[in-house]
Every structure is written in structure tokens, then in C-alpha cells.
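A short worksheet on the structure shown next.
The values are calculated or read from the model by the stated rules, or taken from the named source; none is laboratory data. Remember, predicted model here, so these are calculated numbers, not experimental data. Cβ placement follows ideal geometry from the backbone for every residue including glycine, while neighbour counts extend to all protein chains displayed.
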Amino acid sequence: MRGVPGSGTTATSVATSSAGAAALSYTESPNNNTTAYYYAIIVQADGDRIVTSPIWYTRQVVTATRASSPELALSVFPNPTAGVSTVSYYLPEAALVSAEVLDLTGRRVRALAAGERQAAGPRTLAVPTLGAGLYTVRVVVDGVMSYRKLVVE
């Protein structure tokens, strides 16, 4: 038996087997984004009926899309630091890059790169010595932002 939840119609028979059969196989090709329930009614030789618990089935078609930009491989070292540190990242292709250091309130403390067109490959930027505290390094590559914390002792 097969039914559709919330349809207001009763379940219908979708498969039967001959008397004395020990197994029943049923295959269905549901439409995209389908929900249904299935159960079996087994009639024994003495006429007694067994009704199985329903099995709920939901099929959802998911369309996978490639992310527009992979996450930037970004690191800040040494971290923690007491002096100069380095921001390191890799660009798979040439891109427009901005980088800055922000304080805890999100205010810019230092600009490291201001909308520069950078070639593909490994890149580094120097972070000058900052006062003790917790900072955030933000690197924007073609509009996609990546963040790393920086601890200055």
C-alpha cells in the first residue's frame, strides 16, 4: 500500500504477491521532491490479517553548485606575537586584494593592502608591531572576506 501524507486520499495497492509467496519486491521511481508512506497488509492462510507499521519516505532533489570562491588559505604568524608578524595566503589566480588589521570594536588599526591587483601564487604581508591586545586580520579577495585572530602580547 502507498499513500501520500496530507493528500486526503486513502492508500492504494501498488504490489501484490501470489498465495504462499515468502517475499515481495516492489520498485518505484518517485517524482522529484516526493513524500509517501508505505505499509503491507499480509493475509495469513487462516484469514488473519497483519498490518505492518508504515515506512515514511521523502525524496528531495538537491542541486549541487560549486562555491563561487574557495576559502582563502590564510595564516598569521607568529601568533601570539610581541613584534612584527606576517600574513600569509595563496591566490590560485590573480585577484583584487585588500587587507587590514582591526581592533576589538572592528575599527581599522592598520591597512596592509588597499585594493591592490595581486598576481597568482603565494603572498605575504607584514603586520607592523602593534600594542598589546587582541586584533582581527581581515583579507578581502575579489569581495570574499577571510578573517584570522592576532594576539599581541
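Annotation note: Cβ proximity below 6 Å between a residue of region 78-98 that is assigned to a loop (DSSP other than H, G, I, E, B) and a residue that is surrounded by fewer than 16 Cβ atoms within 10 Å (Cβ to Cβ) and of a type in the set (S, T, N, Q) (sequence gap 6+ or interchain) occurs for G83/T129; V84/T129. A Cβ distance below 7 Å, combined with a sequence gap of six or more or placement on separate chains, defines the contacts here; from region 32-61, residues that are at pLDDT below 85 reach residues that are loosely packed, with under 13 Cβ neighbours inside 10 Å and of a type in the set (S, T, Y) in the pairs T35/T58.
Take region 2-26 and flag every residue that is part of a loop (DSSP other than H, G, I, E, B) and closer than 13 Å to Y57 by Cα.
Of everything in region 2-26, those that are part of a loop (DSSP other than H, G, I, E, B) and closer than 13 Å to Y57 by Cα turn out to be V4, P5.
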